[in-house]
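Okay, so here's the structure we're looking at.
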Amino acid sequence: MKTLYRYPLLIIFCFCLFSGMQLKAQIINDLLQTATNVISKSSLSNDEIVKGLKEALNVGTNNSVASASKTDGFLKNAAIKIVFPSDARDMETQLRNIGMGEQCDKFVETLNRGAEEASKSAATIFINAVTNMTISDGIKLLNGGDNAATQYLKDNTSSQLKSAFTPIVKAALAKVKLTEYWNPLASTYNKLPFVKKVNPDLDAYVTDKTIDGLFKLIANEEYKIRKDPAARVSDILKKVFGAK
């Protein structure tokens, strides 16, 4: 009878032993991987780190500008599509309710066409911030979060982007004739009884939304480079981000 009990106990013992070996193996593998990463990082020179971060930002900004500046780059991308200004949402609702949905859609399309047109000039604006990156910046960004480089770029270019983009957006909106679609909407709405008249600064609105949209795209590009080896399209990107 005792023999009957031994085999289940033996099986349980062997299972526990095997599980323990697996757990130890996993711990060892994790430690080896951590050690390998530390060695890989320590083998990077400061120049390589900075070069890799600059390359990542160059790739990210170029891809983002190319995506945003093409036809429907903003309009058909739900993440960055520009809609009615927040202080004109009631206006949009009421105008759609009185049968002006098509005109509202055309206005939204034109907002996005302006952003797409303005984005064509964005790439050159990023160059100085990328060029001026220091060694301490590079090391900090390499070990930062998934959007650390994008945040660095945003911190160092937002004010310049806004100043540079304002006349670009204004010209872009003039090119797509935004006021031809906005003025009839605003005029009709402002004649409705009991409504608060609206007159948003569309140049400033589209400028801000264009900049926000570009940084969202750049953040996505940075995330891909950090996480997806296939997105590391140059040797320096493979070396720097493969060491993480």
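Remarks
- Residue count for segment 70-90 satisfying the condition of being among the charged types (D, E, K, R) and not in a helix (DSSP H, G or I): 4.
- One residue from 162, 140 being closer than 23 Å to residue 205 by Cβ and at pLDDT 85 or above: 162
- So residue 206, is it within 19 Å of residue 108 (Cβ to Cβ) and touching a residue at least 24 places away in the same chain (Cβ under 8 Å): yes
- Scanning segment 173-225 for residues that are within 19 Å of residue 97 (Cβ to Cβ), among the hydroxyl-bearing types (Ser, Thr, Tyr) and either at pLDDT 95 or above or buried (at least 16 other Cβ atoms within 10 Å of the Cβ) (or both) turns up 181, 189.
- If the condition is being more than 30 Å from residue 140 (Cβ to Cβ), aliphatic (A, V, I, L, M) and surrounded by 15 or more Cβ atoms within 10 Å (Cβ to Cβ), then segment 54-89 contributes 75, 82, 88.
- Taking the listed residues 109, 117, 92, the one that is more than 20 Å from residue 239 (Cβ to Cβ), without any contact (Cβ under 8 Å) to a residue 24 or more places away in the chain, surrounded by 15 or more Cβ atoms within 10 Å (Cβ to Cβ) and not small (Gly, Ala, Ser) is 92, with no other qualifying.
- Within the set 87, 72, 137, 146, the sole residue that is in contact (Cβ under 8 Å) with a residue 40 or more places away in the chain, within 15 Å of residue 225 (Cβ to Cβ) and not polar (S, T, N, Q) turns out to be 146.
- Of the helices (runs of 4 or more DSSP H) lying entirely inside segment 156-244, those carrying at least 1 residues that are more than 24 Å from residue 135 (Cβ to Cβ), under 24 Å from the mean Cα position of the chain (by Cα) and of a type in the set (D, E, K, R) are 202-227.
- Flag for residue 112 being at pLDDT 85 or above, within 16 Å of the chain's Cα centre (by Cα) and in a helix (DSSP H, G or I): no
- Evaluation of residue 85 against (1) more than 30 Å from residue 236 (Cα to Cα); (2) modelled with pLDDT under 90 (one fails), failing number: (2)
- Of everything in segment 152-163 that is surrounded by fewer than 17 Cβ atoms within 10 Å (Cβ to Cβ) and either touching a residue at least 40 places away in the same chain (Cβ under 8 Å) or in contact with a strand residue (DSSP E or B) (Cβ under 8 Å, 6 or more places away or on another chain) (or both), the residue that is farthest from residue 239 (Cα to Cα) is 162.
The values are calculated or read from the model by the stated rules, or taken from the named source; none is laboratory data. Keep in mind that what you see is a predicted model, and the values were worked out from it rather than measured. Note: ideal-geometry Cβ built from the backbone for every residue, glycine included; neighbour counts use all protein chains shown.
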